[in-house]
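S.K.: I have a structure here, written as structure tokens, and I will follow up with some questions on it.
What follows is calculated from the coordinates using simple rules that are stated; it is not laboratory data. Predicted model only: the values in this text are computed from it and were never measured. Cβ placement follows ideal geometry from the backbone for every residue including glycine, while neighbour counts extend to all protein chains displayed.
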Amino acid sequence: MFDLEISYSILLVVFILAACSFEFVNGFHDTANAVATVIYTNTLKPWTAVIWSGLFNFFGVFYGGIAVAMGIVNLLPVESLIDQNIYHGLSMIGALLISAIFWNLLTWYYGIPCSSSHTLVAAILGVGIAYYLLPQAAGSGGGVNWGKAQEIGLSLLLSPAVGFTLTILLMLLIRMLTRKTQQADELFKEPKKNSPPPLWIRGILVVTCTLVSFFHGSNDGQKGVGLVMLVLIAIVPFHFALDSRLDVSVVREPLVKIENVLLSIDSANLSAPDRQKLSSTLGMTTQLRQLTATASTTTDIAKESRFVVRRDVMLMDKNIKSLVKDEDIRFSDTDKATLAAGMKTVRKLTDYSPTWVIAMISISLGIGTMIGWKRIVKTIGEKIGKEHLN
């Protein structure tokens, strides 16, 4: 398989199944939040709600793009993503998957709602820091992409606070607007036991269940896609380092424009590290132009050169972002826009996921939703408040 030895082929299958297992368990946890309200209000029967939620989780992963998946991949330092030592890759991915799956299963077993996103991000940060402690990584500039880590960490930190605040404000607003109306009785008085709410409230609950499920798939589901891509890049980099479907001609003009902007920089006033960074980035640009000059797709690029292309693209992106932030280099707004647009196009070589990976993760999340929902739903519906949810 992929020209690998039998032992590596077995490991590849095991790690891909482990990534699917993570997404499967993810369905146990987060999706229960989507179905708890419709089940405990008797809006939908449990199995109807669970199957409905599972389907929209599937659609969310499949049609939600790959921006979140690439955010997970890019959370690791560039140096670890271009490390061709397969043992480093196996160790990192194995540690990441085992720790994330163990914690998710443990919290699910005890019926404790747990964010799979927090679990996965923490596992990736741990792997990144451990990679930095390896002798070969010394001086690589950091074990974690801290810029991306801060961005993701802030969103994870703010999400509960924003959700909590908006919910309270919305409830107060609805109470004010419906005061002394029939809708107030329907919304704020306890219904008869085992009776469904009015049709319009049921409609709202079904819509919110659907949207939460879809956006959970398009967000958290994409993290599973990112995990599988980490596995593929670590074990079979020559086959998955670049997007084989991309028309390589689209990157040629952006590379020329990037090179022209970099050549316009007066390096005489730069510090020695900045001059070195500029020189190496120009060298990568030239090498990329040569490697992609005659290729129609990335499969036309020699196998041994594909990882070189990936390495150059990722290091170029890192260096250009660093140069743009450097106060000693004054780029015009036009030059900044040219560099940003150019790298966005060039990153299409590396920022992708095969359709089969997205489909596999979609199915894993959908099935996980349908099988493991009950423990967490029971906690949300019966154990968080003093009374059962209704």
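S.K.: Determine the gain in length on full extension of the stretch Ser249-Lys192; use 0.36 nm per residue of separation and subtract their C-alpha separation, reporting nm with one decimal.
M.R.: Working: separation 57, 0.36 × 57 = 20.52 nm, distance 6.57 nm.
The Ser249-Lys192 span can extend by a further 13.9 nm.
S.K.: Once you put a point 7 Å from the Cα of Leu154 and another 7 Å from the Cα of Ser279, both along the Cβ direction, what distance in nm separates them?
M.R.: 3.6
S.K.: Turning to a different aspect of this structure: I need the calculated FRET efficiency for the pair Thr345 and Ala272, taking r as the beta carbon distance and R₀ as 22 Å, to the nearest 0.05.
M.R.: Numbers: r = 31 Å, r/R0 = 1.41.
Here the calculated transfer efficiency is 0.10.
S.K.: With springs only between Cα atoms under 10 Å apart, run a GNM on the chain and tell me which of Ser91, Ser322, Ser362 wobbles the most.
M.R.: Comparing Ser91, Ser322, Ser362 in a Gaussian network model of the chain, the most mobile one is Ser322.
S.K.: Moving to a separate point now. Out of residues 5 or more away from Thr297 or on other chains, whose amide H comes under 5 Å of its own, with H placed 1.01 Å from N in the peptide plane?
M.R.: Val248
S.K.: Here is a follow-up. Need one word for the range 248-349: rounded, prolate or oblate. Basis is the Cα gyration tensor (sqrt eigenvalues a ≥ b ≥ c); a/c below 1.5 gives rounded, then a/b vs b/c decides.
M.R.: Values: a/c = 2.38, a/b = 1.76, b/c = 1.35.
Here the range 248-349 falls in the prolate category.
S.K.: Something else now. Just to confirm the number: angle between the C-alpha axis of helix 303-325 and the first principal axis of the chain, 0 to 90 degrees, nearest 10?
M.R.: 80
S.K.: For a 19 Å ceiling on Cα separation, which of these pairs sit above it: Lys257/Lys336; Lys148/Lys223; Lys321/Lys348; Lys148/Lys257; Lys45/Lys192? The partial results should precede the final answer.
M.R.: Details: Lys257/Lys336 11 Å; Lys148/Lys223 14 Å; Lys321/Lys348 17 Å; Lys148/Lys257 26 Å; Lys45/Lys192 17 Å.
Violating the 19 Å limit, Cα to Cα: Lys148/Lys257.
S.K.: Take peptides 247-256, 55-64, 270-279, 207-216 and line them up by average Cβ neighbours within 10 Å, highest first, as a rough protection proxy.
M.R.: 55-64, 207-216, 247-256, 270-279
S.K.: Quick one: compute the contact order of the chain, relative version, from alpha carbon pairs under 8 angstrom and 6+ residues apart, as a percent. Before the final figure, lay out the partial values.
M.R.: Numbers: 501 pairs, mean separation 142.9, N = 390.
Reported relative contact order: 37 percent.
S.K.: Can you bin every Cα-Cα distance in the chain into 20 Å intervals starting at zero and give me the percent of pairs per bin, rounded to whole numbers?
M.R.: Binned Cα distances yield the sequence 24, 48, 23, 4.
S.K.: Pick from Asp220, Asp351, Asp328 the residue whose mean-square fluctuation is largest in a GNM of the chain, springs joining Cα atoms under 10 Å.
M.R.: The residue with the greatest mean-square fluctuation here is Asp328.
S.K.: So how do Met70, Met171, Met343 line up by other beta-carbon neighbours within 10 Å, fewest first? Intermediate results must be reported in sequence, preceding the final value.
M.R.: Numbers: Met70 20, Met171 12, Met343 17.
The most exposed by this proxy come first: Met171, Met343, Met70.
S.K.: Calculate, for Ile174 and Leu211, the FRET efficiency according to 1/(1 + (r/R0)^6) with r their C-beta to C-beta distance and R0 22 Å; round to the nearest 0.05. The partial results should precede the final answer.
M.R.: On the way: r = 18 Å, r/R0 = 0.82.
In this case the efficiency is close to 0.75.
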